[in-house]
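Peer 1: Structure incoming, see below.
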Amino acid sequence: MRPKTINPIARRNHSLPQILPKKHPRTKGSRAKSGCIYHSILLCYGDPSGENETHALQFFPFVISQPNQRLSAPLPPAVYIVGAGPGDPDLLTVKAQRLLSQADVILFADSLVPEALLLDVRPIAELIPTAAKTLDEIVQLMVARVQAGCSVVRLHSGDPSLYSAVQEQMEALLEAGIPFEVVPGISAFQAAAAKLRVELTLPGLVQTVILTRMSGRTEVPSTEELSTLAAHQASLCLYLSAKHVETAQAKLMQHYPAETPVAICFRLSWQDEKIWLVPLAEMAETTRRESLTRTTLYIVSPALAVATVPEAYAHSDFSDRRSPTRSRLYHPSHAHLFRPADP
């Protein structure tokens, strides 16, 4: 006989991890051999007051990480390649947070991903740091765990589409017949623009953003030589180049004026974040003085000389603090599909 009400204990109790986990009874075809454990929630049939909770009992599998977290079904066995953003847990996407809170296994780049991003994972999740592992070892781990029936998050810093070696991993997973999904994250250049309160594409000043790096162990194609890209005088975001900063500055100064603003951003959105706004001519000197060798992003752009930059970062050399030309998109005389022009 179907009960009139279903009264979950979870609604009334704020100590779910004390009630749970209970191992869900395995059935043929379940993940019994995987080593991955479901949390289960106990549903009690009775009146909503909870006084008659023991009339009937039933277990349902759910993934629960925190007492106040929304209940959700277990993730299908697959690899979820997730962008962790620049470091601040608050800058994770909602989807990234959900996947991290549900995954059975999390492989993370411990040299680039702060531990704070892993605070809300499941208590029984397997955490695997990957800084000391080769790509082959990482792929083998992901394949083995998914074949065992686990859901796997591969957590990358920033956005997986930039300088992450994610293409090689995806091709290896595809060859192994492992399903995978990619979840974007906020990149460092976006976090930097937000912190500096600037738009990198100002009408009448600059309308192009270039993301690039200096050659290191990974060679940059000759057609993407930094001095060639600098000729555009665009908003140029330079990754992975602190060790080659003198060479970078020399190439940039072939085309950018020496007084062009440069934002030197170290460990963006981490607790020890530092940002310097200096003229291009001081880019290398500042980098060496501050002993910056890694996790440093440079943004070279005339768009940085605007009044909205916080005073904490403003440089006295940028005295013009130019106001941007007004965008035509929102100008009263500009008509488009959703708004007629003012008479």
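What follows is calculated from the coordinates using simple rules that are stated; it is not laboratory data. No experiment lies behind these values; they were computed from the predicted model shown. Here the Cβ positions follow ideal geometry from the backbone for every residue, glycine too, while neighbour counts run over all protein chains shown.
Peer 1: As an exercise, identify the GluC sites (Glu not before Pro) in the range 173-220 lying in DSSP coil whose Cβ has no more than 11 other Cβ atoms within 10 Å.
Peer 2: GLU219
Peer 1: Hey, another quick one. Can you tell me the order of 275-286, 109-120 when each peptide is scored by its average per-residue count of other Cβ atoms within 10 angstrom, highest first? Don't jump to the answer; show the numbers that get you there.
Peer 2: On the way: 275-286: 18.0, 109-120: 16.1.
Ranked by mean Cβ neighbours within 10 Å, highest first: 275-286, 109-120.
Peer 1: Another question, if that's okay. Please give the length that would be gained between THR208 and HIS334 if that part of the chain were fully extended, namely 0.36 nm times their separation in residues minus their C-alpha to C-alpha distance (nm, one decimal).
Peer 2: Net length gain for the segment: 43.1 nm.
Peer 1: Still on this model: So if each residue of separation counts as 0.36 nm, and I subtract the Cα-Cα distance between THR218 and GLU168, what length gain in nm does that give?
Peer 2: Answer, rounded to one decimal: 16.6 nm.
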